[in-house]
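Accompanying notes for the structure given below.
Read-outs: derived from the displayed coordinates by stated rules, not from any lab. Note that the structure is predicted; figures quoted are calculated from it, not measured. A quick note on method: Cβ atoms are made from the backbone with ideal geometry, for glycine too, and the neighbour counts reach across all protein chains shown.
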Amino acid sequence: MDFFRHQEEARRQTTLLVLYFLLAVLLIIAVVYCVAIVYPVLATAGDPAVKYAGPLDFSVLWHPRAFAWATGATLTVIALGCLHEISVLKDGGGVVAEALGATPVNADTTDPLERRLLNVVEEIAIASGLPVPRIYVMRGEAGINAFAAGFSTTDAVVTVTRGALETLSREGLQGVLAHEFSHILNGDMRLNMRLMGVLHGILLIGLLGRKMLAQWGCAMVLFAAALSAIGYIGVFFGRLIKSSISRQREFLADASAVQFTRNPSGLAGALRMIGGLTQGSKLTAPDAESASHLFFADGLAGSLPQAFATHPPLAERIRRLDPGWDGGYPEVSTVSAGAAGAKLEIAAAAKIAQEGVPSDRAAESLACIPLSAERSVALAGTATPAHLVYGRGLLSELPTVIGDAARQPFGATALVYALLINGDEAVRRDQLDHLRQHAETGALPEVLKLMAAVDGLSRASCLPIVDLSLPALRNLSKSQYMSFRGNLDALVAADDRVSPFEFAVLRVLRHHLDSYFSRRKRVVGRRAIRKLDRECGVLLSALAHIGHENLDAAAAAYRAGVSQLGIVDPLAGVPVEAGDFLHVDQALDALVNLKPMAKRELIAACAAAISRDGQVMLEEAEIFRAVADSLDVPMPPFLETDESDGH
């Protein structure tokens, strides 16, 4: 799977969306105009005072002024509908989840099925190099379904139905969630959110007509009925657009999930359970129609002709995963499914307790990891079973005090503080003094408690712990976050230098939290790399200096990156000040606006620079993953096994 190409294809799908949308708008304008012309005739047809002489003169059917009014009114309603829905959706996936009746899962939940859900989501996020998304459950839905929603990894949520939790085994749930993470990685999530915003505009006329029919008297019944009929044009094109864009991307997400878990039986088993469950994948939420294209399986199953279905037929999806399938579905009821799910959860917990979870410690020592430009591109936006084992092992080995702190807002702030406490005694004393004076009441004792546990962590687990803390940190108030950010800057500045690890932590936190708390809209990458060659040079120069103390070696690494990028040296050498992380920060802010395929070139160039000497040190790997994260390019952990790149 090529992450960058799939991102580019998702962008091109937007063109298809625009074409269908424009065609729908033109037809709606034409029908509105016809209604505006014909309505007066129909409304007065029974009035004896109105006399019609001679045959109908069709030339009178063209009224430029009426056409202008019809066009203006239609465009106004559609534009207002689109703008309103886009405004509602701007806060991200949580808005969609809550509109569908879902509620967030508390990090301290005692429900074993919800605890299992949290664990599986965290494992997949760590394995794929994504920040952990917020997790919701549709507790009133007995069918098996799930969806991912959001414009970016910053505002992404993953939502599952209660029926999925009660019915699916751990491997089935893992397959479904891997499918949803594939939508995040492949760029489908943003496209689906755009669909929701745009389609609301062409559906609004029909919604207005139905509301008028319910509330207005007989005098306006014809007009209201006409609007309702016009609305079906929007419904037709809405379903056509969703079905044409969604179905092939569902097959792609299925394939990606299998590549990730290397367990087609898990995903195929989940699909078979849908076929055997009485409720199947059907949803009862009133807004299910508007979000039907987001779901794992068809939430409107049986209510639409297959030509307009947002998902491929269930049987076809199963056969692609399991060619030997006999066509049968298991008999599943809600009660027996719930009991089975509980037993499977208990059995899985007992197995883990007895056998332990294998952990891959390869990421702690990266001096022998070969990271070529080609391998970095292959790794981006992918994950394998080896990464999944690594993620599960990392979580299972976290001290309880660390895991509990990462999942609570107050604890998460203290945990990040503890990660940034310096090893030098004098610097550490200054840092703790600052927290004593400026952090929230009770923060310092919590930091001191966590410091001992943090000191025992492997260095390679620190950045994943930051990713694990992001959902809790999003629950801070804006004033709490601003205080938190100020304290982070002070802790990093205590020794008058910024280490690669400190920069990586700050960059990840700012990238995912600044835009979240400011509600700033993410800009979709449209810039070409040749217009940002100086920013590329600053970034490559900084990476060349990390792990290359010898200036000649750093210069060679820098030239390797520039050569891979295919640009003229924008810095005329490798000036030492180019390694200043303030400049790197500014460069990354500009580079995040690159087109997907341009990001591919830049990631390859960064990998060429840090691997020029044939080894990748841990701090180089940390800064490289933070850079990739800033570019919205998920980069899984680096593992020694060749399986990590999918070969």
At 37 °C and 0.692 mPa s, what whole-number value in µm²/s does Stokes-Einstein give for the translational diffusion of region 92-169, with Rh from the Kirkwood sum over Cα pairs?
-> 262
Around Ser246, with a cut-off of 11 angstrom between Cβ atoms, what is the net charge of the other residues, counting Lys and Arg +1 and Asp and Glu -1?
-> +1
For region 393-518, diffusion coefficient by Stokes-Einstein and Kirkwood Rh (Cα), 10 °C, 1.306 mPa s, µm²/s = 110
Largest to smallest principal axis extent of the C-alpha atoms in region 460-502, angstrom = 30, 27, 9
Peptide ranges 582-595, 284-297 listed from the most packed, as the mean C-beta count within 10 angstrom indicates = 284-297, 582-595
Can you tell me the order of 137-148, 172-183 when each peptide is scored by its average per-residue count of other Cβ atoms within 10 angstrom, highest first?
-> 172-183, 137-148
Taking the simple approach of a point 7 Å from Cα along Cα-to-Cβ for both Ala553 and Arg526, what is their distance in nm?
-> 4.4
Theoretical gain in end-to-end length, Ala229 to Ala426 [0.36 nm per residue, Cα-Cα removed] | 63.4 nm
Cut-off 11 Å between beta-carbons: net charge of the residues surrounding Gly299, Lys and Arg +1, Asp and Glu -1 = -3
If we count other beta carbons within 10 Å of each Cβ, what is the order of Lys211, Lys599, Lys282, fewest first?
-> Lys211, Lys282, Lys599
The extension gain from Arg436 to Gln248, computed as 0.36 nm times the residue separation minus the Cα-Cα distance, is 62.1 nm
Determine, for Asp613, Asp514, Asp632, Asp455, the number of other Cβ atoms within 10 Å of each Cβ, and report the residues in order from fewest to most.
-> Asp455, Asp514, Asp613, Asp632
Mind sorting Thr441, Thr167, Thr71, Thr278 by how few other Cβ atoms lie within 10 Å of their own Cβ, fewest first?
-> Thr441, Thr278, Thr71, Thr167
Take each of the peptides 470-481, 95-106, average the number of other beta-carbon atoms within 10 Å over its residues, and list them starting from the highest.
-> 95-106, 470-481
Contour minus Cα-Cα distance for Leu27 and Thr71 (0.36 nm per residue) = 14.8 nm
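Work out the length of the dipole vector of region 393-518 about its Cα centre, built from +1 on the beta-carbon of each Lys and Arg and -1 on the beta-carbon of each Asp and Glu, and round it to the nearest 20 debye.
That gives a dipole near 340 debye.
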